[in-house]
1. So residue 57 passes all but one of these: (1) farther than 24 Å from residue 174 by Cα; (2) surrounded by 18 or more Cβ atoms within 10 Å (Cβ to Cβ); (3) of a type in the set (S, T, N, Q). Which condition number does it fail?
2. Looking at this structure, is residue 18 in the same structural domain as residue 119 (by TED's automatic domain parsing), surrounded by 12 or more Cβ atoms within 10 Å (Cβ to Cβ) and under 25 Å from the mean Cα position of the chain (by Cα)?
3. Just to be sure I understand, how many residues within segment 202-224 are farther than 30 Å from residue 108 by Cα, of a type outside the set (S, T, N, Q) and outside any helix (DSSP H, G or I)?
4. In segment 178-201, how many are of a type in the set (Phe, Trp, Tyr), in a helix (DSSP H, G or I) and more than 19 Å from residue 112 (Cα to Cα)?
5. Which one of the conditions (1) over 23 Å from residue 116 (Cα atoms); (2) assigned by TED's automatic domain parsing to the domain that holds residue 109 does residue 69 fail to meet, given that it meets all the rest?
6. Limited to segment 150-177, what total is found for residues that are crowded, with 17+ Cβ neighbours inside 10 Å, touching a residue at least 60 places away in the same chain (Cβ under 8 Å) and assigned to a helix (DSSP H, G or I)?
7. Among the listed residues 28, 23, 64, identify the single one that is assigned by TED's automatic domain parsing to the domain that holds residue 115, assigned to a helix (DSSP H, G or I), closer than 21 Å to residue 131 by Cα and not hydroxyl-bearing (Ser, Thr, Tyr).
8. Read through the list (1) loosely packed, with under 15 Cβ neighbours inside 10 Å; (2) among the hydrophobic types (A, V, I, L, M, F, W, C); (3) under 24 Å from residue 88 (Cβ atoms), then give the number of the only condition that residue 180 fails.
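The values are calculated or read from the model by the stated rules, or taken from the named source; none is laboratory data. Everything numeric here is computed off the predicted structure, so don't read it as measured data. Virtual Cβ from ideal backbone geometry, glycine too; neighbours counted across all protein chains shown.
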Amino acid sequence: MSPQRSRTEEAKEAKRQLLIHAAIEMFAKKGFHETKMQDIADYAAVGKGTLYEYFETKEDLFLAVYDSWIDEYEADMLRQSERLLDPVSKASALIDTTVEFYEKHADHAAILLEFWAHAIRSQNPHFLNRIREMKSRLSELGGKVAQELIKLKLFVDVDVESFTRLELAMSDGVFLQWILDGKSYPLRDAYKFRQSLIGAGLMTNTLRKLIAPKTDKRLKQGFLKPKSSNKKST
């Protein structure tokens with residue numbers, strides 16, 4: 001590839017990202033169905049024709065927004081999975097990555113929720129397929145960690161596929177509840193509580209003895225009250 005062509009491709013990608021950013025802001029403000037392509041073009045300060053050069057339909061642009069987020073999320077999850085060898089540390093790192101993703105996009109949570117709803121209603125199979133592909137990849141990563149924990153006799157033997165599918169559902173549910181609760185508590189604390197709750201049911205005595213003090217404290221403390229309020233008054 002020539003230097004001139006490389007600069008041209010970089011410029012096109014920069015413009016594409018600009019349009020995606022404009023779409024994010026407008027979808028968050030007005031919702032997918034109420035947003036018009038002209039709204040996005042106006043926000044990006046480009047002509048509507050320019051927008052259509054990059055995205056044929058509003059649905060294509062909506063999918064591009066989701067792809068831009070999920071591609072980054074999946075890449076981060078894969079890096080964490082490959083970076084660590086210890087399955088306990090790896091499990092914690094994957095949860096931290098999920099929390100960081102949701103915290104990063106908290107102000108645009110409505111777009112994620114609307115994407116899920118649109119995927120169910122839309123006649124376009126690409127939306128639901130994209131979600132299923134993402135869930136499949138995350139299930140595979142989580143399943144490998146669970147299998148390692150079982151192999152090391154740190155987790156009881158459990159159907160890994162059922163566990164990872166349910167664990168992903170719980171993850172989405174924690175995020176949704178956090179949004180509905182007005183983000184009134186740290187999302188990270190809620191996820192750590194969920195992790196401790198799952199671990200309490202799956203840990204063997206070997207792992208339980210190692211991390212019981214931390215897990216027991218987290219379960220008793222919960223995540224709804226400020227930590228200071230859990231201390232006994234003097």
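1. (2)
2. So residue 18 fails the test.
3. 1
4. As a first pass, look at segment 178-201 and keep what is of a type in the set (Phe, Trp, Tyr): 178, 185, 191, 193.
Within this subset, residues satisfying the condition of being in a helix (DSSP H, G or I) are 178, 191, 193.
In the following step, the residues that additionally are more than 19 Å from residue 112 (Cα to Cα) were identified as 193.
The number of residues fulfilling the criteria is 1.
5. (1)
6. Residues meeting the conditions: 2.
7. On the way: 28 fails: assigned by TED's automatic domain parsing to the domain that holds residue 115; 23 fails: assigned by TED's automatic domain parsing to the domain that holds residue 115.
Only one candidate qualifies: 64.
8. All conditions are met except number (3).
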